[in-house]
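A short reminder: the numbers here are calculations on the coordinates, not readings from a lab. Given the structure is predicted, the values throughout are model-derived calculations rather than measurements. For neighbour counting, all protein chains shown are included, and Cβ atoms are generated from backbone atoms with ideal geometry for every residue, glycine included.
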């Protein structure tokens, strides 16, 4: 442990502690701030979802490092509350559960929605691995332009309606998870 002043012109004396291997300098008065001794770069060391990470602050200037550390901590706090949108396959399972418990639909109508899901999966299998925020309007247009040539118009409309319902269930679940 050293408390030696920096010998560079214009630098102020700061309390600092060297790591056991002598490669990292920490500052007790500024927790989460580290300096790599060999090149002078500053790093932020923060815990994100229980995992300790070290992120370069891309500076060798003390005052800039403190400002960037504050920004990094603020960003991490904001991002830690974000929840990933569900995959389409997860939204389908939620939709099936809602469909099963829907007392306003006849059993045959429920089966028809499941048939629509089956056709959707056969004609667009990649969809099941995408998160709902990754599904673009352009991808939907490309898929539907192929589908319209394969099925009758009323079946086409019901498949599209089922797709929209699944997406709505996924969006609703995501918004509920974000709080």
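Just checking, does the range 113-122 include any residue being assigned to a loop (DSSP other than H, G, I, E, B), touching a residue at least 24 places away in the same chain (Cβ under 8 Å) and over 29 Å from residue 79 (Cα atoms)?
no
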* Selected residue (only one of 56, 89 is out of contact with any helix residue (DSSP H, G or I) (no Cβ under 8 Å at 6 or more places or on another chain), in contact (Cβ under 8 Å) with a residue 12 or more places away in the chain and on the phi < 0 side of the Ramachandran plot) -> 56
* Within the range 58-87, tally of residues that are part of a loop (DSSP other than H, G, I, E, B) and under 22 Å from the mean Cα position of the chain (by Cα) -> 6
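Which count do you get for residues in the range 92-104 that are without any contact (Cβ under 8 Å) to a residue 60 or more places away in the chain and either within 16 Å of residue 30 (Cβ to Cβ) or assigned to a helix (DSSP H, G or I) (or both)?
Of the residues in the range 92-104, the ones without any contact (Cβ under 8 Å) to a residue 60 or more places away in the chain are 93, 96-97, 99-104.
Those still in the list that are either within 16 Å of residue 30 (Cβ to Cβ) or assigned to a helix (DSSP H, G or I) (or both) too: 93, 96-97, 99-101.
Going through the range 92-104 one residue at a time, the tally reaches 6.
Quick one: in the range 123-150, which of the residues that are surrounded by 13 or more Cβ atoms within 10 Å (Cβ to Cβ) and not in a helix (DSSP H, G or I) is farthest from the chain's Cα centre (by Cα)? It would help to see each step written out before you state the result.
Residues of the range 123-150 that are surrounded by 13 or more Cβ atoms within 10 Å (Cβ to Cβ), as a first pass: 123-124, 127-128, 130-132, 135, 139-140, 143-144, 147-148.
Filter once more, so that each one left must be not in a helix (DSSP H, G or I): 124, 130-131, 135, 148.
Details: 124: 24, 130: 13, 131: 10, 135: 15, 148: 34 Å.
Selected residue: 148.
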* Structure fact -> Flagged pairs (Cβ under 6 angstrom, 6 or more apart or on separate chains; first in the range 133-155, under 22 Å from residue 113 (Cβ atoms); second outside any helix (DSSP H, G or I)) are 143/124
* Got a sec? Which of 146, 141 is in contact with a helix residue (DSSP H, G or I) (Cβ under 9 Å, 6 or more places away or on another chain) and farther than 26 Å from residue 97 by Cα? -> 146
